[in-house]
Amino acid sequence: MDNGWQASADAWITLMGVSGDFSRQHVLDHPMLNRVRLRPSPRILDVGCGEGRFCRMLAPFAGNVTGLDPTDALLRHAEDLSDQRFVKGTAEALPFEDASFDIVVSYLTLIDIPDTKRAIAEMTRVLAPGGHLLIANLNSWITASQSKGGGWTRDQDGAANMCIDRYFEEHHHWGEWNGMRIKNWHRPQAFYMQALLNAGLQLTHFDEPMATGGERADSYNRAPYLYLMEWQKPAG
Ligand SMILES: C[S@@+](CC[C@H](N)C(=O)[O-])C[C@H]1O[C@@H](n2cnc3c(N)ncnc32)[C@H](O)[C@@H]1O
């Protein structure tokens with residue numbers, strides 16, 4: 001089923017550029033790389049790697065980095081910019097052997113993946129015992145605001161409010177921004193936590209990083225846009 005990514009690929013590549021968008025450059029890249037630095041990682045898999053920007057950032061911290069994505073146009077761009085391994089596929093059916101990676105990364109992809117429970121089971125399967133699953137995700141409060149106009153609205157007194165709806169109901173929404181039209185999924189926070197717990201993973205880190213720079217930092221830091229978590233597959 002179409003999710004908008006193939007048609008939106010050129011606009012996405014332009015938006016990401018070299019440094020990524022605001023959320024990546026000013027909020028997530030730094031804490032994500034900090035977690036990777038803590039873990040000696042010969043083999044890293046980036047699930048939903050897009051145009052490969054974060055794979056390139058991971059290069060100094062891994063023996064080898066593999067990027068996986070279902071979108072041809074994004075994979076082609078990734079391959080043009082690096083000699084890392086890029087594989088076409090979906091998170092729900094990872095074309096890799098059991099226990100073949102030390103770190104699996106899901107960087108803002110859970111909201112794009114239709115069958116997240118299956119994807120989390122697959123990401124766990126390909127992790128080596130003792131390995132880590134590193135996730136950056138959009139906060140469920142924010143994804144629950146998307147069908148209400150995507151975030152801030154003004155009340156009759158002119159005050160800005162974040163309006164959420166249908167929080168406990170899994171549903172999708174077609175988001176349009178910067179020339180893209182993408183299908184994104186909302187699920188309550190418990191949906192993700194329970195899927196990760198049911199996969200047998202153990203939470204080793206959780207953070208809600210704030211923007212540390214950029215012109216929009218003050219308004220951005222008023223709401224919980226993003227969180228980061230690291231889960232470990234038990235060693236034995
Ligand atoms: C918001 S982008 C994130 C790209 C990259 N991780 C980053 O942070 O820049 C979401 C990515 O998920 C990919 N995607 C969509 N459906 C997927 C699926 N079922 N399995 C894996 N990746 C998927 C899209 O092709 C897209 O590259």
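The values are calculated or read from the model by the stated rules, or taken from the named source; none is laboratory data. Note that the structure is predicted; figures quoted are calculated from it, not measured. Neighbour counts run over all protein chains shown; Cβ positions are idealised from the backbone, glycine included. These accessible areas exclude ligands, DNA and RNA; they are computed on the full protein's heavy atoms, side chains included. Shrake-Rupley method; radii C 1.70, N 1.55, O 1.52, S 1.80 Å.
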Test for Asn34: is it assigned to a strand (DSSP E or B) and either among the polar types (S, T, N, Q) or within 25 Å of Pro224 (Cβ to Cβ) (or both)
no
Can you name the number of the only condition in (1) small (Gly, Ala, Ser); (2) at pLDDT 95 or above; (3) part of a helix (DSSP H, G or I) that Gly130 fails?
(3)
Answer yes or no: is there a residue in the stretch 105-121 that is surrounded by 17 or more Cβ atoms within 10 Å (Cβ to Cβ), part of a strand (DSSP E or B), of a type outside the set (Ser, Thr, Tyr) and over 16 Å from the mean Cα position of the chain (by Cα).
no
Looking only at the stretch 49-72, count how many residues are touching a residue at least 40 places away in the same chain (Cβ under 8 Å) and assigned to a helix (DSSP H, G or I).
3
State which residue is farthest from the ligand (Cβ to nearest atom) when the search covers only the stretch 11-46 and only residues that are polar (S, T, N, Q) and open to solvent by less than 50 Å² (accessible area, probe 1.4 Å).
Ser41
Scan (1) more than 7 Å from the ligand (Cβ to nearest atom); (2) at pLDDT 95 or above for the single condition Cys49 breaks and write down its number.
(1)
Give me the pairs: first residue in the stretch 123-144 and farther than 14 Å from Val105 by Cβ, second residue of a type in the set (Phe, Trp, Tyr) and open to solvent by less than 10 Å² (accessible area, probe 1.4 Å), beta-carbon distance under 6 Å, and six or more apart or on different chains, which are they?
Asn139/Tyr227
Condition set over 17 Å from Arg56 (Cβ atoms) and more than 12 Å from the ligand (Cβ to nearest atom), scope the stretch 82-103, selection least open to solvent (accessible area, probe 1.4 Å): answer is Phe101
Residues satisfying the stated conditions in the stretch 1-33, i.e. closer than 15 Å to Ala62 by Cβ and free of Cβ contacts under 8 Å to residues at least 60 places away in the same chain:
Leu33
Pairs, first in contact (Cβ under 8 Å) with a residue 40 or more places away in the chain in the stretch 218-236, second buried (at least 17 other Cβ atoms within 10 Å of the Cβ) and assigned to a loop (DSSP other than H, G, I, E, B), C-beta under 7 Å, six or more apart:
Tyr220/Ala211; Leu226/Pro209; Leu228/Pro209; Trp231/Leu201; Gln232/Leu201; Lys233/Leu201
Given the criteria surrounded by 12 or more Cβ atoms within 10 Å (Cβ to Cβ), aliphatic (A, V, I, L, M) and within 30 Å of Asp10 (Cα to Cα), does Met210 qualify?
yes
Can you confirm whether the stretch 82-97 contains a residue that is modelled with pLDDT under 95, outside any helix (DSSP H, G or I) and under 30 Å from Pro224 (Cα atoms)?
no
Within the stretch 133-166, residues touching a Pro at 6+ places or on another chain (Cβ under 6 Å) and in a loop (DSSP other than H, G, I, E, B) come out as Asn139
Subset of the stretch 173-201 [open to solvent by 80 Å² or more (accessible area, probe 1.4 Å), in a strand (DSSP E or B) and without any contact (Cβ under 8 Å) to a residue 40 or more places away in the chain]
Glu176, Trp177
